[in-house]
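Taken together, the values in this text are just the output of simple stated rules run on the coordinates, not laboratory data. Values in this document were obtained by computation on a predicted structure and should not be read as measured data. So basically every Cβ, Gly included, is an ideal-geometry build from the backbone, and we count neighbours across all protein chains shown.
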Amino acid sequence: MPTWVQLVFLACGVCFILALKGLSGPKTARNGNLLGAAGAVVACAVPFFWRDLNLQHVPLILAAILVGTIGGVYGARKVQMTQMPQMVALFNGVGGGAAALVALLELQEHGEFFDWFPLAATAFTVVVGSVSFAGSVVTFAKLQELMTSRPVVFPGLPVAFGGSFVAAVVLSVMLVNEPQMWIGIVLGLLGLVIGLLLVLPVGGADVPIVISLLNAFTGLTVAAGGYVLSNTVLLIAGTLVGASGTFLTLLMANAMGRSVANILFGALKGGSTLGGGEVSDRPVKSAGPEDIAILLGYAERVIVVPGYGLAVAQAQHTLRELVDVLIARGTHVDYAIHPVAGRMPGHMNVLLAEAQVPYEQLIEMDEINSEFKQTDVVLVVGANDVVNPAARTTPSAPIYGMPILNADEAKQVVFLKRSMRPGFAGIENELLFEPSTTLLFGDAKETLGKVLAAVKAL
Amino acid sequence: MSEPIVWLTIFVLSIFVGIEVISKVSSTLHTPLMSGANAIHGIILLGAILVTGTTSNNVALAVGLVAIVLAAVNMVGGFVVTDRMLQMFVRKPVKKTASTDGAGETK
């Protein structure tokens, strides 16, 4: 490898480090992302200027890049902010798939000259890349509601999973001893099976953690691929993503009060991520938009708890208008943001930022939780699990141990709900049946519009 | 230093850097960060180009082109979607009476 190529790769590696650094602060995030993109583009341009490499099939390669670019840009621009988690899952999955294919090709071209260590790295790349691909596709299907978001468990699943895993290890050892193409292909297929079996038993509410975990997997895959290809920039970029992705996964799992092992294998051990999911017929107190408008209009302190349902109903803008009117009336209003509100940590911030809610009004859980006691009205819009006291009181609940917003401590709680259906975790919310709770049924956008009109008329 | 050790060194140091650079991230930015990291591993596109461009086998060429398409989707889509998300975090220059002009943008 010529020196200039190695130097360019080094520079690109530095770009990625600075990109991640930038992405972890709100002011620097956008530039960080652009820097990462610049590094990636430069690195990918290198083969076309690298004379001694004697790159073949250039028109075909450029055409393939063009196709992928169009597909990527189209998907990225079309996707609604509510569907962001599944889009990230899909992008991640295709990356993992690409890494597995690259490793297979390298095995086919140079496998016979490989030492045992590059062969082991090849096996790793093929298996984990396929796991990431299949797992992400299942994740996508769950979030896009192409299939049920409940945990899918069947009797032989633990055996099938264990069996595939052992088979993958055995075949990897075989591949190291004797680099043959068919072993590589079977490893890829096994990876697909493992990915499928890994994600099927995960319940809907835990899927975001799995996206993050699979993201880290793909990172490690790319790192191993970098070793196989003796390419430093792949090794650096992949390792960075693998390490930061693993760390991020643990942070997220922490925010939900769960362990990663529990999320992945909880359903296997006795259905702990399973919720009942049935609709309750216990009596609740409901009211019309005008009553809610009066409650809100004469409150001094209001906290809004937004959830995924808000975004599904596309009611963010109406909500923001309502809050603006209340603030103009002299009410102190903030939004309480649970770390896993929405379907991915930080997702709610993105959704509200899209509706141009000022950043200062979004208060994180730890800061606002002590204020619920002095709050007149908590307005819960399309959220459920993040205010479910079962997380504190019911050890058998799937969300037990998750830190929640203390909405139940407020004087009044108003739930805007479409129906009595339980939240994403599939469990009933005791808060709905409290005497201090009032429900307002209907589509969030429509009912918020009515409340808004009624508040204006006060 | 033998070559495998050099690779191991890069690997281990990158792990520490990867954890260190994001250790102070606020939960607000978890989604864009995940998405941005996701785009970075799209660099496998480079690997796909290198492998595809040096093969003389037609089947391998076809598989390689598929890998390039997939990797390009990952890389380009990842960066574009992250940028779209982050655009929304940029503070608009003194935006006060949002209730009137916001209505036109609700689409």
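Starting with the fewest neighbours, write out A:Lys78, A:Lys445, A:Lys142 ranked by other beta-carbon atoms found within 10 Å of each beta-carbon.
Fewest-to-most Cβ neighbours within 10 Å comes out as A:Lys78, A:Lys445, A:Lys142.
Among A:Gly257, A:Leu18, A:Leu119, whose Cα lies farthest out toward the positive end of the dipole of the protein assembly as shown, if unit charges sit on the beta carbon of Lys, Arg (+1) and Asp, Glu (-1)?
The residue sitting farthest along the positive end of the dipole is A:Leu18.
Using unit Cβ charges (K, R positive; D, E negative) and no other charged atoms, how large, in debye to the nearest 20, is the dipole of segment A:79-265 about its Cα centre?
That gives segment A:79-265 a dipole magnitude of about 620 debye.
Exceeding 20 Å between C-alpha atoms, which entries from my cross-link table qualify? They are A:Lys417/A:Lys450; A:Lys21/A:Lys78; A:Lys21/B:Lys24; A:Lys285/A:Lys417. Write out the running numbers ahead of the final one.
Details: A:Lys417/A:Lys450 14 Å; A:Lys21/A:Lys78 28 Å; A:Lys21/B:Lys24 9 Å; A:Lys285/A:Lys417 12 Å.
From A:Lys417/A:Lys450; A:Lys21/A:Lys78; A:Lys21/B:Lys24; A:Lys285/A:Lys417, over 20 Å: A:Lys21/A:Lys78.
Please enumerate, by chain and number, the aspartates and glutamates with C-alpha under 14 Å from the C-alpha of A:Lys411, excluding those fewer than 8 residues away in the same chain.
Those aspartates and glutamates meeting the cut-off are A:Glu300, A:Glu371, A:Asp376, A:Glu434.
Only four residue types carry charge here, +1 at the Cβ of Lys and Arg and -1 at the Cβ of Asp and Glu. Report the dipole size of segment A:1-158 about the Cα centre in Debye, rounded to the nearest 20. List each step's numbers first, then the result.
Working: 8 positive and 6 negative charges, 179 e Å.
Around 860 debye, computed over segment A:1-158.
For segment A:289-457, with the dipole built from +1 on Lys and Arg beta-carbon atoms and -1 on Asp and Glu ones, taken about the Cα centre, which of A:His347, A:Tyr308, A:Gly442 lies farthest toward the positive end?
It is A:Gly442, whose Cα lies furthest towards the positive end.
So if R0 is 41 Å, what FRET efficiency would A:Asp115 and A:Gln83 give, r being the distance between their Cβ atoms, rounded to the nearest 0.05?
Working from the Cβ atoms, E equals 0.40.
Average partner chain C-beta neighbours within 10 Å, per residue of A:82-92? Display every interim value, and only then the final one.
Details: counts 0, 0, 8, 3, 0, 5, 13, 1, 4, 16, 9.
The mean count of partner-chain Cβ atoms within 10 Å per residue comes to 5.
Residue by residue, what Karplus-based ³J(HN,Hα) values in Hz, rounded to whole numbers, does segment A:234-250 have, using 6.51, -1.76 and 1.60 with θ = phi - 60° and x for Gly and Pro?
Per-residue couplings from phi come out as 5, 4, 5, 4, x, 5, 4, 5, x, 6, 5, x, 5, 4, 4, 4, 5 Hz.
To the nearest 10 degrees, how steep is helix A:207-228 against the longest Cα principal axis of chain A, on a 0 to 90 scale?
Result, in degrees: 20.
Report Rg (one decimal) and Dmax (nearest whole number) for segment A:340-422, counting Cα atoms only, units Å.
13.3, 39
How many partner chain Cβ atoms sit within 10 Å of a residue's Cβ in peptide A:357-363, on average, as a whole number?
Working: counts 3, 5, 3, 0, 0, 1, 0.
Across A:357-363, the average partner-chain Cβ count within 10 Å equals 2.
In debye, nearest 20, what is the charge dipole magnitude of segment A:289-457 about its Cα centre with +1 on Lys and Arg Cβ and -1 on Asp and Glu Cβ, if you could check? Walk me through the numbers on the way to the answer.
On the way: 13 positive and 21 negative charges, 76 e Å.
Dipole size: approximately 360 debye.
In deg cm²/dmol, rounded to 500, what helix-only [θ] at 222 nm does the protein assembly as shown give when every DSSP H run of at least 4 residues adds -39500 (n - 2.57) and the total is split over its residues? Mind showing how you got there, number by number?
On the way: 23 runs with 337 residues, N = 565.
Calculated mean residue ellipticity at 222 nm is -19500 deg cm²/dmol.
Using only Cα atoms and rounding to the nearest 10 degrees, what angle (0 to 90) does helix A:84-110 make with the longest principal axis of chain A?
It works out to around 10 degrees.
What fraction of the Cα pairs in segment B:31-89, stated in percent, has a spacing above 15 angstrom? Don't jump to the answer; show the numbers that get you there.
Values: 875 of 1711 pairs.
Distances greater than 15 Å cover 51 percent of the Cα pairs.
Kindly identify segment A:289-457 as rounded, prolate or oblate by the Cα gyration tensor criterion: order the square roots of the eigenvalues as a ≥ b ≥ c, call it rounded if a/c is under 1.5, otherwise compare a/b with b/c, prolate if a/b is larger, else oblate.
Details: a/c = 1.43, a/b = 1.35, b/c = 1.06.
Here segment A:289-457 falls in the rounded category.
If eta is 1.567 mPa s and T is 4 °C, what Stokes-Einstein diffusion coefficient results for segment A:79-265, Kirkwood Rh from Cα pairs, in µm²/s?
After rounding, the answer is 78 µm²/s.
Counting Lys and Arg as +1 and Asp and Glu as -1, what is the net charge of the other residues whose Cβ lies under 12 Å from the Cβ of A:Val5? Write out the running numbers ahead of the final one.
Details: positive: A:Arg51; negative: A:Asp52.
Residues near A:Val5 contribute 0 overall.
Assuming R0 = 51 Å, can you tell me the calculated FRET efficiency for the pair A:Met147 and A:Asn54, based on Cβ-Cβ distance, to the nearest 0.05?
0.65
What FRET efficiency do you get for A:Glu367 and A:Ala45 if R0 is 45 Å and r is their Cβ-Cβ distance, rounded to the nearest 0.05? Show your work: numbers first, answer last.
Values: r = 45 Å, r/R0 = 1.01.
Efficiency computed from Cβ-Cβ geometry: 0.50.
Give me B:Met85, A:Met181 ranked fewest to most by other Cβ atoms within 10 Å of their Cβ, as a rough exposure proxy. Walk me through the numbers before you get to the answer.
Numbers: B:Met85 28, A:Met181 12.
Ordered by Cβ neighbours within 10 Å, fewest first: A:Met181, B:Met85.
Normalising by the residue count of segment B:31-89, find the relative contact order in percent from Cα pairs under 8 Å and 6+ residues apart.
On the way: 52 pairs, mean separation 30.6, N = 59.
The value is 52 percent.
Explain nothing, just compute: Karplus ³J(HN,Hα) = 6.51 cos²θ - 1.76 cosθ + 1.60, θ = phi - 60°, for every residue of segment A:291-298 in order, whole Hz, x for Gly and Pro.
Those phi angles translate into 4, 5, 4, 5, 3, 6, x, 10 Hz.
Any chance you could get the radius of gyration and Dmax over the Cα atoms of chain A, in Å?
When restricted to Cα atoms, chain A yields Rg and Dmax of 25.1, 81 Å.
Can you give the angle from 0 to 90° between the axis of helix A:3-23 and the longest principal axis of chain A, with both taken from C-alpha atoms, to the nearest 10?
The angle comes out at about 10 degrees.
Rank A:Ile183, A:Thr3, A:Met87 by how far each Cα sits towards the positive end of the charge dipole of chain A (+1 on Lys, Arg Cβ; -1 on Asp, Glu Cβ) and give me just the farthest.
A:Met87
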